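Asker: Here it is: the structure, laid out below.
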Amino acid sequence: MALLRHTNQPAVERQALTINPAKTCQPVGALYAALGVHNCLPHSHGSQGCCSYHRSVLTRHYKEPVMAATSSFTEGSSVFGGQSNLLAAIENIFTLYAPDIIAVHTTCLSETIGDDIPQIAAKAQNEGKIPAGKFVIHANTPSYVGSHVTGFANMTKSLVSYFAEKGPAKLRTVNVVPGWVEPADMREIKRIAALMGVEIILFPDTSDVLDAPQIGKHEFYPRGGVTVQALRKTGSSQATIALGPTASGSAALELEKKCEVEATMLELPIGLRATDAFIDALRRIAGVEVPQALKDERGRLMDVITDMHQYFYGKRVALWGDPDQLVSLAGFLADVDMQPVYTVTGTPGRAFEERLTRVLAGRVPGVRMRQGAQADMFLLHQWIKEQAVDLLVGNTYGKYIARDENIPLVRHGFPILDRVGHAYFPSVGYLGGIRMLEKILQALQDKQDRDCPEEAVELVM
Amino acid sequence: MKNQEAPQGEALREKVLAGYPAKLAKKRAPQLVVNHTHADGQVPPVKANVRTTPGIITQRGCCYAGCKGVVLGPTRDIVNLVHGPIGCSFYAWLTRRNQTRPPTAQDENFMTYCFSTDMQDENIVFGGEKKLRAAVQEAYDLFHPKAIGIFSTCPVGLIGDDVHAVAKEMKEKLGINIFGFSCEGYKGVSQSAGHHIANNQLFKHVIGLDDQAPEGKFKITMLGEYNIGGDAFVLEELLARCGFTLVATLSGNSTINQFERAHTADLNVVMCHRSINYVADMIEKKYGVPWFKVNFIGAKSTAKSLRKMAAFFDDAELAARVEQVIAEELAKVEAVAARIKPRCTGKTAMLFVGGSRAHHYQDLFAEIGMKTIAAGYEFAHRDDYEGRRVLSSITVDADSRNIEELEVEKDPKRYRKILSDEKRQKLASVNFEFNDYQGMMPQMDDETLVIDDINEQDTQRLLELCKPDIFCAGIKEKYSVQKHGIPCKQLHSYDYGGPYAGFQGAINFYQEIDRLINTRIWSFIEPPWEVAASPTLEATYERG
């Protein structure tokens, strides 16, 4: 028996059919980014189902309440345009849910109709539907362009377009755009910056939003999220560090364009050398020394790598997910002498292959990589059938391949629907690196313990 | 913790409505009803199956979700190809957890796969039919399935792609059954429109293609059972033990061939009235198969349903076997209930979910002594609340008018008169009802609150005002409920537990509710130093 029993043919080029995608659509990314703004209610301008699906997948991933509203399009709105729905929604949301900001993202439906969100928001403003001091912002997120990561990037860029102001004088702050990472990662980035004595503005910031504690009370707007005040100040910061160009690049470039805040593009700080690059950039921009505490963390990560190298060396890995995550992960795996042989991302863009090739630097013979519509998990599985791998790294949808092929799976990315931990423990920074290696070792060594001949069971490993 | 002073009836209704500004409260008021069953069984009218106000945080999803996810989702051997941008197919990929059990390793099962045309902007601008045609061809070349279903998403309707023309063309070219669904997300007001569109197409393109009934006596088809958490497996086993022959299930653990021969049964039993009652009507009209409502959620309801089915076939041996199975199973159920009932008696439940579950699950709670104090559906219609007696008085609004109603006629060759007039009369004399559904409300206590299309606002107010012992809803509500320190049981996904149907399911559910309600974990939320009786500070560190 096999769960993916129909994946049994050699890989052929497809032009039209996507099977088991390694991506989803833009709006969910915009919704996630908007949750990282304090007192902000994300709003989906489209049919009810979009909002329902996005809230569901984020809820399954975080096991937390995910609040967002919808324009609830009907056939009539689809014919005559969604203006009256959005006007009603804005009025109702401010009355019932009292947010500081409504962050509207579009959908394939409202984009195809051609609804002009700024025009509708202006009309709402003129009609007195937006209370004083409150905001309606928007991002265009057509589902038929890019992927969920594009939606995250677009909403993050909109935070800059709507709020960043170039003040009279430069502030001490450094902007950090964290990319589509977990609340735990955002918290870790803030901790690292604090250790270094660098004052950062992190946006968006879903820590204390999507990892809210159980206190017997439901906070409709949890205490986390970047504030409007902080977003305004981003225009006067010393510099912006964009972690992961796909998710964070456009916001950083917008700050450069709008407020002349210099942008530094880095890969996501997952693994040793990407974290080194982040810390070095913070050090240089802020003019600070790297504190002993961080040097010790780095040393501990190095210790794990050198102590356990024999278990990493030469292991073949297949990965799927988002470009920024994949480039840093694959680079990290190659650094510890693993072989990230197969990588797919549904997020389109040729830059991904260039970045991945650069980071692998010829260290992985026979490497295969693909991006775009047919770069899906069906193709990845076909590659695995051709020549197997030792480890899978990706989201929950890999569990079917893992079971059919008896390959251990380390869950990483979005969505993770069947395990906890990702919201609480980071994968960025040196500690995140230790955690990633711990998970990889656990998966590989558990399999060895389970599957090896009895006489080969090692007590000490 | 429990609120002894919780408002009830009209007082509660008014307090919930007070959360809205006047204009919205007025609009919302007819969807909140205090239950009262008159002597003749009539209940107050509920406004249902109407648009959700924009901006309201609703439970509801879309037409596509009802069509692709609910009705066609559980069928394993159809390649369900979604024509649209990637998200719609991605989100419907395995998340409803319909289980399926292909008999052998060779049997087809596409349920673990997600198929999409992944429309790009050029497809929106220049049309997507060419890509759809190519995708159907590629799916055929790779998998050679028996059938392919094509599902339309929002932009498809707007740009005018004709999925039915492509389906027809490719059906002729490839020689397999291919059918399309115009289930764009914006149609109707909820998933319910999608159920209807799905079922209409199955009726037009699939049901009736195979006149070969399976071997066996007492043939039935089960309508509106979707095999969440293995419910269908329990029921298949139960029905077989009793001696019934299950011709088809729409659509839990099903295959397309089951659909093709669904009309060969002698009786249709309907589980989820909302999603499928019109199919039962259409099959009866065209093929003569009578139907009635059953409920396999709850041990007593299961026993009652089995007895009614046995009575329909009027066979002594069948009746005896059914009684024997019921006796054996009830003994097991009652042993568990006896242990759990004292631990749950008097506790309160609220159920806001679906189009039938908010009704059916009240039976299970009642069996362990629990009281349902408020309930409502996410996407049901008035007849699901008030019973089929109100069918003729339901006004058809603009949103419903757009959903096709099929004109069905008696099939001149295949219509069977299954019940003789004499037998029908005999059954009528013992109040045996066909084409029946009394609805949720007549079964609920007076003064309980019924809320249609509940939203986040109502939910929060209900929780604060009434502090129920358990709240039943779906994934989007689960954690905002639990943040109150109140357990939430998901009745869409069963929280990845179950099965809850039939006798074994009842046992599982009692145990699950006992776990949720009687665990001590909720009492640990408050740290010891914040408990009122906590001793005051006795010492201090020296402060530098």
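The values are calculated or read from the model by the stated rules, or taken from the named source; none is laboratory data. Fair warning: this is a prediction, and the values are worked out from it, not measured in the lab. A quick note on method: Cβ atoms are made from the backbone with ideal geometry, for glycine too, and the neighbour counts reach across all protein chains shown. Ligands, DNA and RNA are stripped out before the accessible areas are found, and what is left, the full protein with its side chains, is counted by its heavy atoms. Shrake-Rupley method; radii C 1.70, N 1.55, O 1.52, S 1.80 Å.
Asker: Touching a residue at least 24 places away in the same chain (Cβ under 8 Å) and of a type in the set (Asp, Glu): is that true of residue A:127 in this structure?
Answerer: yes
Asker: Now a separate question. Could you look through the stretch B:380-404, keep only residues that are open to solvent by less than 50 Å² (accessible area, probe 1.4 Å) and among the hydroxyl-bearing types (Ser, Thr, Tyr), and pick out the one that is nearest to residue B:274 (Cα to Cα)?
Answerer: By that ranking, first place goes to B:385.
Asker: If you don't mind, another one. So how many residues does the stretch B:170-211 have that are away from chain A (no Cβ under 11 Å), buried (at least 24 other Cβ atoms within 10 Å of the Cβ) and among the small types (Gly, Ala, Ser)?
Answerer: Going through the stretch B:170-211 one residue at a time, the tally reaches 3.
Asker: Suppose we filter the stretch A:284-309 for residues that are closer than 17 Å to residue A:443 by Cβ and either under 25 Å from the mean Cα position of the chain (by Cα) or not in a helix (DSSP H, G or I) (or both); how many remain?
Answerer: Number of matching residues: 1.
Asker: Then there's this: Looking only at the stretch B:342-362, how many residues end up being touching a helix residue (DSSP H, G or I) at 6+ places or on another chain (Cβ under 8 Å), over 29 Å from residue B:267 (Cβ atoms), open to solvent by 10 Å² or more (accessible area, probe 1.4 Å) and in a helix (DSSP H, G or I)?
Answerer: Residues meeting the conditions: 1.
Asker: Run down A:8, A:39 and say which single residue is surrounded by fewer than 24 Cβ atoms within 10 Å (Cβ to Cβ), modelled with pLDDT of 95 or more and not assigned by TED's automatic domain parsing to the domain that holds residue A:404.
Answerer: Numbers: A:8 fails: modelled with pLDDT of 95 or more.
Step by step, each of A:8, A:39 is checked, and only A:39 is surrounded by fewer than 24 Cβ atoms within 10 Å (Cβ to Cβ), modelled with pLDDT of 95 or more and not assigned by TED's automatic domain parsing to the domain that holds residue A:404.
Asker: With respect to residue B:90, determine if the residue is in contact with a Leu (Cβ under 6 Å, 6 or more places away or on another chain) and within 8 Å of chain A (Cβ to nearest Cβ).
Answerer: Criteria not met by residue B:90.
Asker: Further, regarding this structure: For residue A:264, all conditions in the list (1) open to solvent by less than 10 Å² (accessible area, probe 1.4 Å); (2) of a type outside the set (Gly, Ala, Ser); (3) closer than 25 Å to residue A:155 by Cβ hold save one; what is the number of the exception?
Answerer: It is condition (1) that residue A:264 fails.
Asker: Going by the conditions given, is residue A:53 open to solvent by less than 10 Å² (accessible area, probe 1.4 Å) and either in the same structural domain as residue A:218 (by TED's automatic domain parsing) or of a type in the set (Phe, Trp, Tyr) (or both)?
Answerer: No: the conditions fail for residue A:53.
Asker: Does the stretch A:142-187 hold any residues that are part of a helix (DSSP H, G or I) and open to solvent by 10 Å² or more (accessible area, probe 1.4 Å), and which are they?
Answerer: Those that are part of a helix (DSSP H, G or I) and open to solvent by 10 Å² or more (accessible area, probe 1.4 Å): A:150, A:154, A:157, A:158, A:161, A:162, A:187.
Asker: Among the residues that make up the stretch B:109-132, is at least one of them surrounded by 24 or more Cβ atoms within 10 Å (Cβ to Cβ), in contact (Cβ under 8 Å) with a residue 40 or more places away in the chain and at the interface with another protein chain (Cβ under 9 Å from one of its Cβ atoms)?
Answerer: Checked against the condition, which is being surrounded by 24 or more Cβ atoms within 10 Å (Cβ to Cβ), in contact (Cβ under 8 Å) with a residue 40 or more places away in the chain and at the interface with another protein chain (Cβ under 9 Å from one of its Cβ atoms), the stretch B:109-132 yields at least one hit.
Residue by residue, here is whether (1) out of contact with any Asp or Glu (no Cβ under 9 Å at 6 or more places or on another chain); (2) closer than 16 Å to residue B:269 by Cβ holds:
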| residue | (1), (2) |
| --- | --- |
| B:304 | yes, yes |
| B:309 | yes, yes |
| B:312 | no, yes |
| B:315 | yes, no |
| B:318 | yes, yes |
| B:330 | yes, no |
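Asker: So if I check each of A:90, A:102, which one is in a helix (DSSP H, G or I), within 12 Å of chain B (Cβ to nearest Cβ) and in contact with a helix residue (DSSP H, G or I) (Cβ under 7 Å, 6 or more places away or on another chain)?
Answerer: After ruling out the rest, the residue left standing is A:90.
Asker: So residue B:94 passes all but one of these: (1) in a loop (DSSP other than H, G, I, E, B); (2) open to solvent by 30 Å² or more (accessible area, probe 1.4 Å); (3) over 26 Å from residue B:478 (Cβ atoms). Which condition number does it fail?
Answerer: (3)
Asker: Among the residues in the stretch A:13-28, are any more than 18 Å from the chain's Cα centre (by Cα) and either more than 29 Å from residue A:381 (Cα to Cα) or more than 7 Å from chain B (Cβ to nearest Cβ) (or both)?
Answerer: Yes.
Asker: Still on this model: For the stretch B:235-276, which positions are touching a Pro at 6+ places or on another chain (Cβ under 8 Å) and closer than 24 Å to residue B:384 by Cβ?
Answerer: If the condition is that a residue be touching a Pro at 6+ places or on another chain (Cβ under 8 Å) and closer than 24 Å to residue B:384 by Cβ, then B:251, B:252, B:254, B:267, B:268 are the ones that fit.
Asker: Continuing with this model, one more query. For residue B:57, which of the numbered conditions (1) open to solvent by 20 Å² or more (accessible area, probe 1.4 Å); (2) facing chain A (nearest Cβ under 10 Å) fails to hold?
Answerer: (1)
Asker: Something else: Collect the residues in the stretch B:224-281 that are surrounded by fewer than 24 Cβ atoms within 10 Å (Cβ to Cβ) and acidic (Asp, Glu), keeping them in residue-number order.
Answerer: B:236, B:237, B:260, B:266, B:281
Asker: For the stretch B:282-300, how many residues meet the condition of being open to solvent by less than 10 Å² (accessible area, probe 1.4 Å) and under 18 Å from residue B:201 (Cα atoms)?
Answerer: The number of residues fulfilling the criteria is 2.
Asker: Still on this structure, I have one more. In the stretch B:499-525, which residue that is of a type outside the set (Asp, Glu) and within 19 Å of residue B:352 (Cβ to Cβ) is farthest from the chain's Cα centre (by Cα)?
Answerer: B:517
Asker: A further question on this structure: Out of curiosity, is residue B:19 at the interface with chain A (Cβ under 10 Å from one of its Cβ atoms), assigned to a helix (DSSP H, G or I) and modelled with pLDDT under 95?
Answerer: Values: at the interface with chain A (Cβ under 10 Å from one of its Cβ atoms): yes; assigned to a helix (DSSP H, G or I): no; modelled with pLDDT under 95: yes.
In short, no.
Asker: Also, I was wondering about something else. Of all the residues that make up the stretch B:293-327, how many are in contact with a Leu (Cβ under 8 Å, 6 or more places away or on another chain) and outside any helix (DSSP H, G or I)?
Answerer: Adding up the residues that qualify gives 3.
Asker: Can you name the residue in the stretch A:105-122 that is surrounded by fewer than 23 Cβ atoms within 10 Å (Cβ to Cβ) and not in a helix (DSSP H, G or I) and is also nearest to the other protein chains (Cβ to nearest Cβ) among such residues?
Answerer: For the stretch A:105-122, the residue satisfying everything is A:114.
Asker: In the stretch B:377-409, which residue that is small (Gly, Ala, Ser) and more than 12 Å from residue B:439 (Cβ to Cβ) is farthest from the other protein chains (Cβ to nearest Cβ)?
Answerer: Among them, the one singled out is B:392.
Asker: Looking only at the stretch A:62-83, which residues are surrounded by fewer than 24 Cβ atoms within 10 Å (Cβ to Cβ), part of a helix (DSSP H, G or I) and modelled with pLDDT of 95 or more?
Answerer: Within the stretch A:62-83, just A:83 meets the criteria.
Asker: Could you please give the count of residues in the stretch A:188-218 that are of a type in the set (Val, Ile, Thr), open to solvent by 10 Å² or more (accessible area, probe 1.4 Å) and under 23 Å from residue A:59 (Cα atoms)?
Answerer: Qualifying residue count, the stretch A:188-218: 2.
Asker: OK, next. Could you please find all residues in the stretch A:403-461 being within 14 Å of chain B (Cβ to nearest Cβ), farther than 21 Å from residue A:377 by Cα and open to solvent by 30 Å² or more (accessible area, probe 1.4 Å)? Break it down stepwise before answering.
Answerer: Going residue by residue through the stretch A:403-461, those that are within 14 Å of chain B (Cβ to nearest Cβ) are A:403-405, A:413-420, A:423.
Pick out the ones that are also farther than 21 Å from residue A:377 by Cα and you get A:420, A:423.
Listed by number, the list holds a single entry, A:420.
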